[in-house]
Amino acid sequence: MLHFKSRRGASRRHFLKHLAAGAAWAGPAAHFLSTLQSQAAELKKNQKSVILLWMGGGPATIDIWDLKPGAITGGPFNPIGTSGDPQICEHLPKMAQQMHHMSIVRSMSTREADHSRGRYYMHTGFVPNPSVDHPSYGAVVAHQLEQTRPNLEIPPFVSVGGNSTGPGFLGLAYAPFIVDSNGRIRDLEMKTTESRWRARMQFLNQLESQFISQNRGPATTEHRKMLEKTNRLLTSTQMEAFRIDGEAQSVREAYGNTAFGRGCLMARRLVEVGVPFVEVDLGGWDTHSDNFNQLATKLPEMDQAMAALVADLSERGMLDQVALLWMGEFGRTPRINGNTGRDHWARSWSAVVGGAGFQRGIAVGKTNSDGTEVETTPYSSEDLMATVLQSIGISLDTRFTAANGRPMKIAGGGRPIKELLA
């Protein structure tokens, strides 16, 4: 059984400090592009990745993926046919053309209808526990797949446009590397030139060597490792993956000039260089009031970027290696409230998956005629997580040991959704 310890505090602050000092420098774009093809070819062979499209706030999936036309709970939107079996919302015409690559889980029934607790539960497969800090999807996937890509120099877990959930007891090495949709590292300014960065690194290296030679304990050695990791990161040509302006204008326009569109394009670039897990955040789904007008504005933004990502991965021959997952922390009530909104609802809602080892173009599970109950086998966060992990070849027999010595099953011991696995 494997044991992992968290590494927090000073090490993380030192890492960010060195990152701030040198964040300006990235390798030449030309070299990046020349190596990208060989890395992409390697990815196509045996390098699975996951892209999570996180819909923070809890989207009204009854108005998006599982419409109830004619029911009192149904709302004003109409369902449309797709290139797969399921019908989806009329405000998703571009995704309708890509649904032969995707499948809908319409029988999600989960345990948490509070934003914070639901976010934690859907990211980890565990309900919050004050005695254990569980690792998120991203940390687990990064930890399990990092060894399959020895040439990866940038972080194995990247979160675009949002914080994601942390690495828990797996430690700082698997924390999300957070950037905005323009590829800027949070709270850091890019001011240092390459020559100044190298000079600073040389000076710091001399200081570190002096401290280590004086036998001042393991902290100095750990600090040296963190410094070397920072240097490798900031001098890597793979940092160009964060710069979407290297893409053709037609490609950028296909994704849309929105934060979510840029984030989805960046996600494709990151998995292309071998990043195991990328999360792209699209918040603003907490529609307690004016639900339908908000969705009529928000869904086209999601539709364009998500459909472009699916099509792009397919056209590049990457879709069999990349698992796509769309979800929020829960759904929203079938009942429409007095403010023309929908409230928190975890009993019956939908998630969407595609790519990797999934069956595609189908809907799994069913809710009743007004969406208030799941009529078929209900699936939990644990089950969905187990299915995603199995789709990319991660063994569900994997066990971790938390910092308190407690053994932990991967994905909370969830059961894979058999209908989804090819």
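Laboratory data are not the source of any read-out in this text; all were calculated from the coordinates shown. As the structure is a prediction and not an experimental result, all values here were calculated from the model. Here the Cβ positions follow ideal geometry from the backbone for every residue, glycine too, while neighbour counts run over all protein chains shown.
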Between VAL273 and residues 5 or more places away or on another chain, the pairs with built amide H atoms under 5 Å apart involve none
Among VAL271, VAL374, which comes first, second and so on when ranked by fewest other beta-carbon atoms within 10 Å? VAL374, VAL271
When ILE72, ILE244 are ranked with the fewest other C-beta atoms within 10 Å first, the list becomes ILE72, ILE244
Given an 8 Å cut-off on Cα distances and at least 6 residues of separation, report the relative contact order of the stretch 314-422 as a percent. 24
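Report, in listed order, any pair from LYS48/LYS409; LYS366/LYS418; LYS94/LYS418 with a Cα-Cα distance greater than 25 Å.
Violating the 25 Å Cα-Cα cut-off are LYS94/LYS418.
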Checking rank on 113-119, 82-88, with mean other Cβ inside 10 Å and highest first, the result is 82-88, 113-119
Please report LEU384, LEU152 as a ranked list, fewest other C-beta atoms within 10 angstrom at the top and most at the bottom. LEU152, LEU384
